[in-house]
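What follows is a single structure, written as structure tokens, with notes after it.
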Amino acid sequence: DSGVTQTPKHLITATGQRVTLRCSPRSGDLSVYWYQQSLDQGLQFLIHYYNGEERAKGNILERFSAQQFPDLHSELNLSSLELGDSALYFCASSARGGNQPQHFGDGTRLSIL
Amino acid sequence: AQKVTQAQTEISVVEKEDVTLDCVYETRDTTYYLFWYKQPPSGELVFLIRRNSFDEQNEISGRYSWNFQKSTSSFNFTITASQVVDSAVYFCALSVPSGTYKYIFGTGTRLKVLA
């Protein structure tokens, strides 16, 4: 058990809809990262938050947004969903910055019908 | 730009064989960090090792060993006497500061260890 909690584990929705994925980091970790893992694109870094502030952006679409709250949990919002957004979304946390080992949650599997 | 290449898409070995997973990285930064993660069939990603760019010492942890060579920009991972439980996808990753840290993952190598 990594200590990182992601909810929900599975999500099925339709094109055009909006969903919110939630992540609770390991106790004491200040950094949260979001990744998208799809079959054809591997593991893609989306965004990194540190103690409530956005620190780095990767290949995150404009339809996607994220935030980290004062209690350090994070949410990833995906809107105007398309079939290609179907993927496994991972959250990871680390103690501090980006040179630290990351501890991953079990992921949320998003299926767009 | 930074890049991580794992040229081996899939490797199959018979139990007890040794196997090496290759990782080649590209970066112009002098300070960077390299990682290996394991993703077993259950799906979670598990951290295995971190190495910074100033530490070229090889590391051994049980049946696992890592060979970091800056001259060839490689950070290879060897499993000695492989076991079925080693079957997983293994990812190599690079983290560079460059103002803000970003993680770049390789495409992964799927290792199948056959009984």
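Every number in this text was worked out from the coordinates using simple rules, so none of it is lab data. Predicted model only: the values in this text are computed from it and were never measured. Note: ideal-geometry Cβ built from the backbone for every residue, glycine included; neighbour counts use all protein chains shown.
Things to note:
- Checked against the criteria, B:D29 counts as out of contact with any Leu (no Cβ under 6 Å at 6 or more places or on another chain), within 12 Å of chain A (Cβ to nearest Cβ) and either exposed (fewer than 12 other Cβ atoms within 10 Å of the Cβ) or assigned to a loop (DSSP other than H, G, I, E, B) (or both).
- Screening the candidates B:E56, B:E44 for the property of being touching an Asp or Glu at 6+ places or on another chain (Cβ under 8 Å) and in a loop (DSSP other than H, G, I, E, B) yields one hit, B:E44.
- Residue among B:E44, B:E17 that is farther than 29 Å from A:G107 by Cβ and either buried (at least 17 other Cβ atoms within 10 Å of the Cβ) or in contact (Cβ under 8 Å) with a residue 60 or more places away in the chain (or both): B:E17
- Screening region A:26-48 for residues that are in a strand (DSSP E or B) and closer than 14 Å to A:Q100 by Cβ and picking the one that is farthest from the chain's Cα centre (by Cα) gives A:S31.
- Residue check: A:S65 meets all listed conditions (1) under 11 Å from the mean Cα position of the chain (by Cα); (2) assigned to a loop (DSSP other than H, G, I, E, B) but one, namely (2).
- One residue alone among A:I112, A:I12, A:I47, A:I60 is in contact with a Phe, Trp or Tyr (Cβ under 6 Å, 6 or more places away or on another chain) and among the hydrophobic types (A, V, I, L, M, F, W, C), and that residue is A:I47.
- Flag for B:V113 being part of a helix (DSSP H, G or I) and either closer than 21 Å to A:I47 by Cβ or more than 13 Å from chain A (Cβ to nearest Cβ) (or both): no
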